[in-house]
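Down below is the structure, laid out as structure tokens.
We did not get these values from a lab; they are worked out from the coordinates using the rules stated. Only a predicted model underlies this, so the values are computations on that prediction, with no experimental measurement involved. Glycine also receives a Cβ, built like all others from the backbone with ideal geometry; neighbour counts cover every protein chain displayed.
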Amino acid sequence: MSETNSSPVASGTGGAPSAEAAAPHRYTAAMAADIEARWQDFWDADGTYEAPNPSGDLAGDADVVARPKKFIMDMFPYPSGAGLHVGHPLGYIATDVYARYQRMTGHNVLHTLGFDAFGLPAEQYAVQTGTHPRVSTEANIENMKIQLRRLGLGHDKRRSFATIDPDYYKWTQWIFLQIFNSWYDESAGKARPIEDLVAQFESGERATPTGRPWSELSAVERADVLGGHRLAYASDAPVNWCPGLGTVLANEEVTADGRSERGNFPVFKANLRQWNMRITAYADRLLDDLDALDWPEAIKLQQRNWIGRSEGARIDFTVDGDDDARITVFTTRPDTLFGATYMVLAPEHDLIDSVLPAEWPEEARGKDAWTGGAATPAEAVAEYRKQAQTKSDVERQTEHKDKTGVFTGAYAVNPVTGTRIPVFVADYVLMGYGTGAIMAVPGQDERDWEFAEAFGLPIVRTVRPPEGWEGEAFTGQGPAINSANDEISLDGLEVAEAKSKITEWLVAKGIGEATINFRLRDWLFSRQRYWGEPFPIVYDEDGVAHALPESMLPLELPEVDDYSPRTFDPDDADTQPETPLSRNAEWVDVELDLGDGVKRYRRETNTMPNWAGSCWYELRYLDPHNADKLVDPEVERYWMGPREGQPHGGVDLYVGGAEHAVLHLLYARFWSKVLYDLGHVSSAEPFHKLFNQGMIQAYVYRDARGFPVPATEAEERDGRFFHGDEPVRRELGKMGKSLKNAVTPDEIAAEYGADTLRLYEMAMGPLDVSRPWDTRAVVGQYRLLQRLWRNVVDETTGEVTVVDGEPDEATLRALHKAIDGVGQDMEAMRFNTAIAKITELNNHLTKTGGPVARSVAERLVLLIAPLAPHIGEELWRRLGHSGSVVHQDFPVADPAYVVDETVTCVVQIKGKVKARLEVSPAIADAELEALAVGDPAVVAALGGAGIRKVIVRAPKLVNIVPA
RNA sequence: GCCGGGUUGGCGGAAUGGCAGACGCUGAUGUCUCAAACACAUCUGUCCGAAAGGGCGUGCGGGUUCGAAUCCCGCACCCGGCACCA
């Protein structure tokens, strides 16, 4: 440390030999490489970016702790085998610049980076390369660390970790157990320990589902009852089964066209016993708390849509001829009840079997569309269900225009019309939404209209469409019609009034009530994969799940010979998942003492999804080595606690791509709320401010067959593109190896230095917008640094050329305007315009010629230091300072110099500029108007016409409206 | 289909009611050099013009305003999200 400290002067230079001879101390790529390597070593040795905690092993300088805190985070990287391209670090550079600026403006800044390393891609890479995922993943992490270090990111490296570290996933498992051992108390509106629920059952305060006393229930029965309340629970339900990947997937991981987001394999519905997280219990809070978050509206909207709150009513229909059977539906349009002419149950609905009559009723005879040609309703339904089940989601999607279904032979009774209405089974009704059953109102619903047309069912309009309506179902607003019986009439009422009137009537009759329904489903949390956190769960001989005690954590992932997933023909729905961990009998079958003596248990062999590790990592950055607690409460409160403007607390700035809008960001919010409810953290939201950076795109050059050719070999001639002599077409796409257009940070840093790369990425455009990479344009930022260097250091002698004394008036104004503008831009993360302002100041100094005043040079170095930290440190040192520039104060503008001495006032006639006046910024309106009207150019332009009106906006503008 | 975001020179972009094109790239010319590269300087939206100067110009059409890239209405196209959600 002391060595780098005492020998700051660069030794090596580079570039063409003659250039070196002419200017041995020019800022070149070779010199940048030397400067950057030295300062990176210095920072590591010095611990420059270490942020002190208020207590614990990372406690530090009390003065720094007393400053306002800023917790600035990136979405941590997934270390792939391909390494980084220049698109990856965009966000990391941005948070680094912002963190450095905050450090220079009096904040205790926590900024670090870990690695998200469990999950499918790492495992697939390992399978492909034939290496163990731990070996390949750790190698990838090491490689990525080297690449990232070269960028000069100011991370507190003491706080870094990977989600695959047993010290880390111990706490992922611990949180899982917290969730497993909790239930959602609706009356309290929060999660509580499961013991509280057991106590309620024991005391009789809460009745068991069957009404039998708790004490009489067997262990298995008790486990079932509690499983119905736990926030993490195993259940048999239709799940997304992906044979091609060999695992089940969460809804969030299945694309709109029914394929796996990763691998693009078909996904099928299958009934499997799987672990789920009861995220639906938090639907309301996840929705409501969005309001106070400083997130892009687009992301908030995506979450709102995903949660999908809709208000409506539950309505019970009786089944004709069966006084006990009820079909309950959810509808957002109870006002259309008079138009319900048939009902539909989802194929998986468990009421179907109990309503099926033995034979077809009269109405169905001879209607093959209704019966599917089957002899009995039971046969017809069985056949339809079989088809529905083996249909992949892809097929359901593509066929969704043609409604299919089959009559059950049963009838329900419309409670307001008293009409018998047929009950169908059809796959356009989904088991997972609402009650899995609908009342079909073809007059007001397009899907019901299509079905009714296909099956020849009656259509009754209950809302009057507008004059001249020629469409089919009318879903808009209008007065109710055909909606009256002896007891109630909705006729003439608008939709909203009709809804509340019919709902009141349903409540009075005891056959319905107003309810709220959510689109959000519980989160499927288990995967049939090796490379994930093992569940800290074992099963006893009765199959009852038991949590491992905290003392047995972490439950380490066992070393196995065969870690590859069992995958299948992607189109074969008739397959069953197999967990890699189940192949390891020694690990699976264990004898444990869970507090009631040594017994035999069988371990859970599923693993957690790759989202688990990223659901809470912000908390572990705070207190990464704590062996006793997830995070120390005092430390957590300091960095995450609620404060002015942040009612739910959270990270001050979280930067990452928008693709996580409903995955990671929703899951992390959910875990955060559970931990908050259980009293482990003070923040109910993980991320107060979210910022989505844009993508760096790249040109893809494709030959006649559509194959990408290497982008570096494509040439432009007369506006067309060629690969050799072959014409190619250019399009804008993602950057990556497969499209042969990847540019790595290493190659740009080698050619220009990391500071140039940082500046270029920040200067390309606004951070939240996607833009194409252009290697040719990088040189612009290189030139900026060369000119900056030359304004401070003599290229021939290496001497510092700055002089003491006052700069001239114009330079002072240029300086303070730059300070003022750059400060505001930094605050608002407008790094592109901040760089433009620094460039202007630097160009001003270059143009002025002669030596630069020390006071100006030093402040220019401070302005650019957050953006280009290596050259910032180097120049700061060469200007005679001993410490690091990192902890200097950011310059403050003198307001007296921020305004120009004179400003150019434009004089317009009808909005067209006709003259310019140099005036004082403080000029009065009347004086300016007199000057403008008297200006010879204005007089000439008016040509003797009178003046109707003069608008004066001193000191910048006068607009004259002629008569 | 629904929802959200966007469209400004040859290119990335700046300007959020007041001089459109800051800053950068590209290109042209010049200085330096035996030469080239680097660097530096000047110019670089478009049309007319030798120039001075002027016309046009922020996807298209309309509107509000003394004044619109910016606000409002309609349309086209591009990007993203959701999509049989009752």
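Below, the figures for the structure above:
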| item | result |
| --- | --- |
| Cα-based reach from A:Lys170 at 21 Å (exclusive), listing lysines while leaving out same-chain residues under 8 positions away | A:Lys157, A:Lys629, A:Lys673 |
| For region A:631-685, the fraction of alpha-carbon pairs in successive 10 Å shells from zero, as % | 24, 51, 24, 1 |
| Pairs of alpha carbons in region A:448-606 whose separation is greater than 28 Å (percent) | 57 percent |
| Charge tally in the Cβ shell below 14 Å around A:Gly706, where Lys, Arg are +1 and Asp, Glu are -1, A:Gly706 excluded | +2 |
| Hydrodynamic radius by Kirkwood, which averages 1/r over all alpha carbon pairs of region A:900-962, in angstrom | 11.4 Å |
| Lys/Arg +1, Asp/Glu -1 at C-beta; region A:714-767 dipole; positive extreme among A:Pro745, A:Leu767, A:Phe721 | A:Leu767 |
| Rg(Cα) / (2.2 N^0.38 Å) computed for region A:311-516, rounded to two decimals | 1.00 |
| Around A:Ser920: net Lys/Arg minus Asp/Glu count, Cβ-Cβ under 11 Å | -4 |
| Neighbour cut-off at most 16 other Cβ (10 Å), DSSP loop, chymotrypsin sites (Phe, Trp or Tyr not before Pro), region A:237-338 | none |
| Spatial separation of Cα centroids for region A:409-445 and region A:564-633, in angstrom | 42 Å |
| Structure-based [θ]222 nm, chain A - -39500 (n - 2.57) summed over DSSP H runs of at least 4, per residue, nearest 500 | -10000 deg cm²/dmol |
| Whole-number D in µm²/s for region A:145-248 (Stokes-Einstein; Kirkwood sum over Cα pairs; 20 °C, 1.002 mPa s) | 121 µm²/s |
| For region A:769-879, radius of gyration divided by Kirkwood radius, i.e. Rg to Rh on alpha-carbons | 0.97 |
| Kirkwood hydrodynamic radius over Cα pairs of region A:253-328, then Stokes diffusion coefficient at 20 °C and 1.002 mPa s, in µm²/s | 128 µm²/s |
| Chain lengthening between A:Val220 and A:Arg420 when straightened (0.36 nm per residue, less Cα-Cα) | 67.7 nm |
| Kirkwood hydrodynamic radius of region A:751-822, Cα pairs, Å | 14.8 Å |
| Spread of Cα-to-Cα distances over 5 Å intervals beginning at zero, given as percent, for region A:840-917 | 3, 12, 17, 17, 14, 10, 7, 7, 6, 4, 2, 0 |
| Trypsin sites (Lys or Arg not before Pro) lying in DSSP loop within region A:756-825, provided at most 13 other Cβ fall within 10 Å | none |
| Region A:900-962 - charge dipole about Cα centre, Lys and Arg +1 at Cβ, Asp and Glu -1, debye rounded to 20 | 480 debye |
| Region A:577-656: C-alpha pair distances exceeding 14 Å, % | 75 percent |
| Net charge over other residues, Cβ less than 14 angstrom from the Cβ of A:Asp335 (K, R count +1; D, E count -1) | -1 |
| Region A:799-888: GluC sites (Glu not before Pro) in DSSP loop, at most 12 other beta carbons within 10 Å | A:Glu799 |
| Cα-based convex hull volume of chain A per residue, rounded to whole Å³ | 265 Å³ |
| Rough spin-label spacing in nm, given labels placed 7 Å along Cα→Cβ, for A:Lys847 and A:Val800 | 2.8 nm |
